[in-house]
1. Exactly one of (1) assigned to a loop (DSSP other than H, G, I, E, B); (2) buried (at least 24 other Cβ atoms within 10 Å of the Cβ); (3) at negative phi is unmet by ASN641. Its number?
2. So which residues in the stretch 840-877 are outside any strand (DSSP E or B) and of a type in the set (Gly, Ala, Ser)?
3. Any residue in the stretch 637-662 that is closer than 22 Å to SER713 by Cβ sitting within a Cβ distance under 8 Å of a residue that is open to solvent by 20 Å² or more (accessible area, probe 1.4 Å) and among the aromatic types (Phe, Trp, Tyr)? List the pairs, counting only those 6 or more apart or interchain.
4. Checking ASN387 against (1) of a type outside the set (Ser, Thr, Tyr); (2) in a loop (DSSP other than H, G, I, E, B); (3) touching a helix residue (DSSP H, G or I) at 6+ places or on another chain (Cβ under 6 Å): exactly one of these is not met. Which one?
5. Looking at the structure I just gave you, is ASP303 among the acidic types (Asp, Glu), at pLDDT 95 or above and at negative phi?
6. Looking at GLY193, GLY160 in this structure, which one is surrounded by fewer than 21 Cβ atoms within 10 Å (Cβ to Cβ), modelled with pLDDT under 95 and in a helix (DSSP H, G or I)?
7. Consider PRO340 carefully, then state whether it is at pLDDT 95 or above, part of a loop (DSSP other than H, G, I, E, B) and open to solvent by 40 Å² or more (accessible area, probe 1.4 Å).
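The values are calculated or read from the model by the stated rules, or taken from the named source; none is laboratory data. Predicted model only: the values in this text are computed from it and were never measured. Backbone-built Cβ (ideal geometry, glycine too); neighbour counts: all protein chains shown. The area values use the complete protein model at the heavy-atom level, side chains included, leaving out ligands, DNA and RNA. Shrake-Rupley method; radii C 1.70, N 1.55, O 1.52, S 1.80 Å.
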Amino acid sequence: MSSFATNLRTARPGAARGAGPALDLERRARSFSCSPSPSLSASRGRRRVAVVRKSGSSEVGVTEASQREAVGLSSAVVPRKKSAKKGRSTKGERASTQPLGLENHGVVGGLGRGSASPLGPSWVTSGGPSRGDGGESLLNLAVFSDVATRLLLCVFTKDGLEGDQGPVAEIELDPKKNRTGHVWHCSLCVAAGRHKDLFYTYRVAGVGSGPGAAAASGAGSSEVAEQRPGVIFNNAEEGEGGPPVRDFLLDPYAVAIASRARWGHLAPEVPRGGGDGRGYSSITDRFGPCWAQHACCLPSLEDFDWEGDRPLNLKMEDLVIYELHVRGFTQHPSSGVEHPGTYLGLTEKLDYLKDLGVNCVELMPVNEFNELEYYEVSPANGVYRYNVWGYSTVGFFAPMARYAACLGEGGDLGRTAEVVREFKEMVKACHQRGIEVVLDVVFNHTAEGNHQGPCLSFRGLGNRVYYMLAPQGEYYNYSGCGNTVNCNHPVTREFILDCLRYWVVEMHVDGFRFDLASILSRNHSSWIQEDHPLSSSVGSAAREARGPSGSATAPQAGGVAGAMAANPVAQGLDEYVHDEDQPTGKPLGDPPLLRAISTDPILKDTKLIAEAWDCDGLNQVGSFPHYGGRWSEWNGIFRDNVRNFIKGSDGPWAGTFAGAICGSPDVYGNPEPGEGDWWGNNDGGMWRGTRGPSASVNFVTAHDGFTLADLVSYNSKHNEPNGEQNNDGEQHNNSWNCGQEGKTEEKSVIKLRHKQLRNFATALFVSQGVPMLVMGDEYGHSKGGNNNTYCHDGDINYFQWNVCERQKGLVRFFKKLIRLRKNNPSLRQSAYMDGSRIQWHGEKPGEPDWTDTSRFVAFSIKGDVESNDLYIAFNSGHSQVVAELPILESGCWDATVDTSKPAPYDFLESDDMLGEVEVMVAKEQCRAYLDDGFYPIGPYSCVILKRVLSKDESSELEDFSFSSCSISKEAQRGTRTKRGAKAKRAPKKARKRTQRASEEDESLLKALDENRRLRAILEERQRKQDM
């Protein structure tokens, strides 16, 4: 069997998540930490679902009453209601006249037929919500389930949900009236003002889905219930006649989900093990207080005022992406916001991002997830572990509820629907500041995990549709998290498309970053299966039962028993599809899902970013199916090449670093795959080449792995606080601690680290492509060498605004670099630059060194106008390099960036930290060597020089006088030294002048201090005169 079809791993603590070629950054550990009941623990991995199978020439019959008992459906549910008017149209139908008895809870009248479209909850509209005389509104509910023969709508109230008291009613839907194909639907009339107090879930049952199916098969029967592979219902635990499990299933299309009202609060303790005699009464009953009972909210009836908000549609190459965590960004006390850790808290800090220069935020997962999924005490430090990052989705349409201030203010679950409004407010505020919003979405796996995980939604509604399964029902684990979403199954594919459209149309988001996107290209699993027996009239007088060969057999009894006997699925005749050429899990050259996303008219202008790898080693960087360049990719190759060159490693890194600077044309512009590129040499070859620099999302760090500060402070990871004996996280980080591991007081080491931080930042923002900066890197946030902080809800993952304030110099440097990029179109091209635009240099112009021992890369860029010409050089060696500069036909080079200088002199541009006079004095100091056509690049440093048209225009020192400033004659020269025979002696002379200039530094700095003092005196005098 193909290797793709044999990948049946089980998620375990520390399960690695692939992070690209050459550097696989390990993802968070995946384990269910809240211990289940003893009976569940004893039967893990052996979940059984009963079926009825044929025995010889006779069929096993099951009575309707025994079927109800077998699946654990309460006999106390509201009975089925016959339609008051048969044949009534489903569009806008009012509820049945037979009341449900829920008037006190806000449901008026009975259950209506409803409509099969759209899926999920929706208000029946005709220019607005359909309302009755009393102001009630008509709610339509529709849900897909390909295996359900019975479905119950479970209605919760706010009080019952908060107290884990179960639903106030379980309403069974009539399959003849409330089902169309595989979609169950109904309508309810909701009283005015009561929609916020009502919640709903579903319960599903199917043929032979409980332990009683075999026992009720008839007197004297010797048949034993067997498992239908991959089908999961409200089954019982192992043991004959045990109480059934009652799973309340979420609607996959729920737009808001209520569970716990506050972040990290445990659910109320309840008796474990089915104390009510009917099995486990809720997910809390089964898995403990870390899994609060959840339910779906009804959509809001209030319109949201977008105030004319429209998509910004910024060009991809113009983006500066900032990856951030909503809670972590403002949860630290020093943030000073009114609503820390929320969407509103983020909104309060948007001006900081705008001032930094960011025009796109990439939000780590904001879909509903359970933050207590991994809740347990870490033995390493006694601190509780959380699911902080959120890469374990519970609801794909629902924003994370505990990120909303409306819940935190009072802990009122009745306000959960307001979460949607807060999210929209955040998006609108971003757009008002010119900032696009990109969501990190996780369509590769869900929070239901492997066979030991909870049954939350998809597993109970259509396990074989929504998950990639092997023939015996085992979960494929390409995600490293226990299950793999069956992305290219037609039903799942449409679900994902509907989800993306919802976030774009309803929530106004601008794009998506797809976690482990290579999984979206893998072939889906499927079964050949007949239509449900109950899709036609149940209880027909004579039904033909088909044998294994398809021949007719004797007519069977009516009712449920006859329906099951006549159903090939119930007999175990459903067949797993296996194609030798396209086995389950095989990467497809033309994946239906990716084609649908790329060509969808609603998503036409939406940003699409792929994390183009997965946990089974599939690497599609450079050849991800992009359909005419619709997709960009996280470029892990850029990250590795930049890290290796900047830290000064031996190898081909000078050349690969140059390629990264150009936007990785060898990755995205070259149609020829490398020798080790398996995907590019097979079906992925059709996607190689044809794309420009904007296909590359460049990053040096991401949420996975070291922060930028830790990248220059640690040689090895230090993940002991995670509680996994430092076994989790990526081992190979291409990092360098600059001489000492971790924190140090050694000034030389600290100085070197600061230089390296600036070198990495410069490389990121002068490279072609789309730069991505990670939250906190701009001030040097450290996580103490932990490169896998998925489980820490504390300072290690919080943006520390007090530290950011102390590191103004470093923040200023990032801000200035971003502004330099925005003001110079030559740094953000949509096409690769040729030799007429970019030239490469070594210590001498036009003579680059691409050997494995090279530590120096320099280049000059010809701008759209002469004033945008740049000379940029990186020295990753331990010795100074005096570089000869390219000759200009007019004008001269002017110093702008030098990372060997302390802040704020590392970026010579005037602002509130560096006045115009200081800038001019510092620039004039550089004239000692620039006039002779040379510039010294210190060890582990980089420089950026700008072209100015005239030295006289760029230097106005003659307009100022200093009380104590002695500038050398060389620095005061008004004309540039001509090159010729004299240039041959220049290197030696330049070195002497460099030494002389260094000796002048101290006197110049003293002069600058004196100038500041005098200017402050003059400003104070002027202020007093103005008063």
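1. Answer for ASN641: the failing condition is (1).
2. Within the stretch 840-877, GLY842, GLY846, SER854, GLY863, SER867, SER876, GLY877 meet the criteria.
3. Close Cβ pairs (under 8 Å, with a partner that is open to solvent by 20 Å² or more (accessible area, probe 1.4 Å) and among the aromatic types (Phe, Trp, Tyr)) amount to ASN641/TRP653; ASN644/TRP653; PHE645/TRP653; LYS647/TRP736; GLY648/TRP736; GLY648/TYR940.
4. With (1) of a type outside the set (Ser, Thr, Tyr); (2) in a loop (DSSP other than H, G, I, E, B); (3) touching a helix residue (DSSP H, G or I) at 6+ places or on another chain (Cβ under 6 Å) applied to ASN387, the lone miss is (3).
5. Taking the combined requirement at face value, the residue does not satisfy it.
6. On the way: GLY193 fails: in a helix (DSSP H, G or I).
Criteria check complete, one pass: GLY160.
7. Yes: the conditions hold for PRO340.
Results for (1) under 29 Å from VAL774 (Cα atoms); (2) at pLDDT below 95; (3) surrounded by fewer than 21 Cβ atoms within 10 Å (Cβ to Cβ); (4) touching a Cys at 6+ places or on another chain (Cβ under 7 Å), shown as yes or no for each residue.
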site	(1), (2), (3), (4)
VAL667	yes, no, no, no
GLU675	no, yes, yes, no
GLY689	yes, yes, yes, no
ASP704	yes, yes, no, no
ASP710	yes, no, no, no
LYS717	yes, no, no, no
